[in-house]
1. All but one of (1) modelled with pLDDT of 90 or more; (2) part of a loop (DSSP other than H, G, I, E, B) hold for residue 80; state the number of the condition that does not hold.
2. If residue 225 satisfies every condition in (1) at pLDDT 85 or above; (2) outside the structural domain of residue 355 (by TED's automatic domain parsing) but one, which is the exception?
3. Out of region 9-20, which residues are surrounded by 15 or more Cβ atoms within 10 Å (Cβ to Cβ) and either under 21 Å from residue 77 (Cα atoms) or without any contact (Cβ under 8 Å) to a residue 40 or more places away in the chain (or both)?
4. Determine whether residue 192 is buried (at least 19 other Cβ atoms within 10 Å of the Cβ) and more than 29 Å from residue 14 (Cβ to Cβ).
5. Has region 186-207 got any residue that is more than 29 Å from residue 355 (Cα to Cα) and outside any loop (DSSP other than H, G, I, E, B)?
6. Mind listing just one residue for me: the one in region 120-148 that is touching a residue at least 60 places away in the same chain (Cβ under 8 Å) and out of contact with any helix residue (DSSP H, G or I) (no Cβ under 7 Å at 6 or more places or on another chain) and, of those, surrounded by the fewest Cβ atoms within 10 Å (Cβ to Cβ)?
7. Being at pLDDT below 80 and either assigned to a helix (DSSP H, G or I) or touching a strand residue (DSSP E or B) at 6+ places or on another chain (Cβ under 9 Å) (or both) narrows it down to one residue among 332, 350; which is it?
8. Considering only region 45-69, state which residues are modelled with pLDDT under 75 and part of a helix (DSSP H, G or I).
């Protein structure tokens, strides 16, 4: 067990973090004492003991009125607990931290999972530098140069960004995507753009970084004076609706002569995202044929998306030659072809798309009385009772199979 005030980061670095005692704030000039202790555990323990001892001795000295203040400052300086002379003489020291330096320091201070660190690193050290390179002509601006108006523009640009699991955009540098979107030479369909939850997550973690910069005396205040996040109603994509029973019957008849008919049926009875369909394989688990999305080499929307979905009885013909079928199509072709045929046969298509089959799958299961946690399991949504090892510790295959067969 680690001693008090010490944590081990996801990168294997020991960190010392302790709130500055009130009596020492005028000397240390920071609300917290944060120090990197290195990767060696023995050395980290030694440095922790020294820091704790120095702070306790300093506290004791503050109670001894006969002791000159110079004795206390000398003690704190010895252990690097006071601002250096250069710090005090530099009038603009508060605005010296760059985005990348501040983000790196912030990431090193975290005590969260490796996946969470990786996610925040992507947002802070890849996404925002690409955006600021377009908006500020500088991918690594000083934190003090980032104003609220810049963040509003960043939000508007980020709202157009593509989802991370679309293969053709994964191969394109983020700065090229940002430039294309900003200059209007690149336009994404609503289905390709990031969702409101993802957008708000990007904005949230940048606001957290700004608050961290304030605590570290890098900037005087957080420029986010009011909320950056957006409501669902303000997102350009709008809300998708599920298909009614009558509309599903029309769709079934309309697509029977289409080459993508097997794909439409699979999406209807699995609830998969269109992008997931092109990345899954077939597996037999405990005698049950399943669509398998557990491969760690496949990039999906979230970790919870890695799952298995039992094959519905009506899909028997559709899954024959499944891999060959998928190799014949691209996601963009499937979406466009579906929209074209849909528009020809349904009157209300404004809020309907290929993705609506996923919504229909979820609402149909709920209507059949399937437990919400099981629906979440099949949809690839996270919930409090689930673990990331979906096959071993998720719901039994027979339970998932019974749920699918209610459709």
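The values are calculated or read from the model by the stated rules, or taken from the named source; none is laboratory data. Keep in mind that this is a model prediction, so the values were computed, not measured. When we count neighbours, we look across all protein chains shown, and the Cβ atoms used for this are built from the backbone with ideal geometry, even at glycine.
1. Every listed condition holds for residue 80 apart from (1).
2. Only one criterion is unmet by residue 225, namely (1).
3. Within region 9-20, 14, 15, 16, 18, 20 meet the criteria.
4. Criteria met by residue 192.
5. yes
6. Here is the first cut: in region 120-148, the ones touching a residue at least 60 places away in the same chain (Cβ under 8 Å) are 120, 123-124, 127-128, 143-144, 146-148.
Next, from what is left, pick out any that are out of contact with any helix residue (DSSP H, G or I) (no Cβ under 7 Å at 6 or more places or on another chain): 146-148.
Numbers: 146: 23, 147: 11, 148: 13.
The qualifying residue surrounded by the fewest Cβ atoms within 10 Å (Cβ to Cβ) is 147.
7. Numbers: 350 fails: either assigned to a helix (DSSP H, G or I) or touching a strand residue (DSSP E or B) at 6+ places or on another chain (Cβ under 9 Å) (or both).
Exactly one of 332, 350 is at pLDDT below 80 and either assigned to a helix (DSSP H, G or I) or touching a strand residue (DSSP E or B) at 6+ places or on another chain (Cβ under 9 Å) (or both), namely 332.
8. 69
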